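What follows is one structure encoded as structure tokens, with my remarks underneath.
The values are calculated or read from the model by the stated rules, or taken from the named source; none is laboratory data. The model shown is predicted, which means the values in this text are computed figures rather than measured ones. Positions of Cβ are generated from backbone atoms using ideal geometry, with glycine treated the same way; all protein chains shown enter the neighbour counts. For the accessible areas, the whole protein counts, side chains as well, though only heavy atoms, and no ligand, DNA or RNA atoms are used. Shrake-Rupley method; radii C 1.70, N 1.55, O 1.52, S 1.80 Å.
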Amino acid sequence: MSEPTTTAAATASVGTDDRNTEPSGLRRFLSGSTGRNLGLVIALVLIVVVGIITRPDRMTDVDTILTIVRYASIIGVISVGMTFVITAGGIDLSVGSVMGLTTIIGSLAVVQAAADSSTWLLLALVPIAVGAFAGLINGLVIAYGRVVPFMATLAMLVAARGLAELVSNRQTLIINDIDFKGFFRASPLGVDTLIWIFAVVALVGWFLLGRTTFGRRTVALGGNYEASRLAGLKVKSHTVKLYVLAGTAAGLAGFMMMGRTGVGTSTHGTLYELDAIAAVVVGGTLLIGGRGTIVGTVLGVLIFATLSQVFTLNNLSTSVQAVIKGVIIVIAVLLQQRFAARGSRQT
């Protein structure tokens, strides 16, 4: 008679333990995509509140808000492309240098002459094509050359920056095309063209990652490379496509930088790869791959852009900004590790 009692007690104990180990509804919400994005929105609002308290004369100005988003737009486009690469478990350290190279190639006299005789859109197509080609090289070296992404893209970082300096002879190339300048001077509905481009890229990226087979394969690739290969996913060709996508985003960002500054120079995009990685990680994309979020990336970009604007308005040095950004990145990575470990225990 004691055996059934013991078994029942054990069953009850197991049931209690299962209930204790199950995450609460609040914890599940906070660890989900909605909860993470809500946390980012709260962080962004708090930064804005600090800015309003410290500089109410500037942070409440519409021009200041547009300046923040305009500043975020170029980094934002690069970050969208970076989100796909990191979601798949890779990394691309070359996007900043590739962006600088695209501004040089796009600003060459021969390209401007061809644009004058045909259409100013060549000044957009050439940088984008150069960025896509650089991404293609990265993808082929990584997927078929079996070089780890860190080293392959680090080599491209150095090579692209060096090539930009050689082609330009370390000089700044001025863009004179009137139609090109007119495109970026336009403000449809009172919003800068750079912001519109960023919005479109973010929307396309959100749809591609979250609503298409391409996005699901990207997540699967980052979650488990070998399982994806065994399941029939063409992992090598998909990897190449991801790096072409990141390079294309860098080329588009180069085109945007050309429009913003009116020049091409080899110094464009310096350290932009680090800013993009920081925005992606803070936004909630797992650095180890397997989870990505475009909405989080956009919020991460806006957080850093707003933070930089608040620092600038309060005359804080760039050194202080760098330290605080570094602390934020470390905290984001630690939180990622904690949630990832908790998720693995729950499964």
Original post:
If you go through region 278-296, how many residues are on the phi > 0 side of the Ramachandran plot and open to solvent by 10 Å² or more (accessible area, probe 1.4 Å)?
Top reply: 1
Subject >> Residue among THR16, THR6 that alone is in a helix (DSSP H, G or I), at pLDDT below 80, open to solvent by 60 Å² or more (accessible area, probe 1.4 Å) and not basic (Lys, Arg) >> reply: THR6
Subject >> Selection status of THR212, open to solvent by less than 50 Å² (accessible area, probe 1.4 Å), under 17 Å from ARG291 (Cβ atoms) and free of Cβ contacts under 8 Å to residues at least 12 places away in the same chain >> reply: yes
Subject >> Where ALA164 falls short, out of the listed (1) surrounded by fewer than 24 Cβ atoms within 10 Å (Cβ to Cβ); (2) over 20 Å from the mean Cα position of the chain (by Cα); (3) farther than 15 Å from LEU274 by Cα >> reply: (1)
**OP:** Select the helices (runs of 4 or more DSSP H) contained entirely in region 32-125, then report the ones holding at least 3 residues which are modelled with pLDDT of 90 or more and not acidic (Asp, Glu).
**Re:** 33-54, 62-87, 95-107, 109-117
Subject >> From the options VAL330, VAL320, VAL282, residue that is without any contact (Cβ under 8 Å) to a residue 40 or more places away in the chain and within 19 Å of the chain's Cα centre (by Cα) >> reply: VAL330
**OP:** Select from region 101-145 the residues that are of a type in the set (S, T, N, Q) and either in contact with a Lys or Arg (Cβ under 8 Å, 6 or more places away or on another chain) or surrounded by fewer than 17 Cβ atoms within 10 Å (Cβ to Cβ) (or both) and list them in ascending order.
**Re:** SER117, SER118, THR119
**OP:** Give me a count of the residues in region 265-281 that are aliphatic (A, V, I, L, M) and outside any helix (DSSP H, G or I).
**Re:** 1
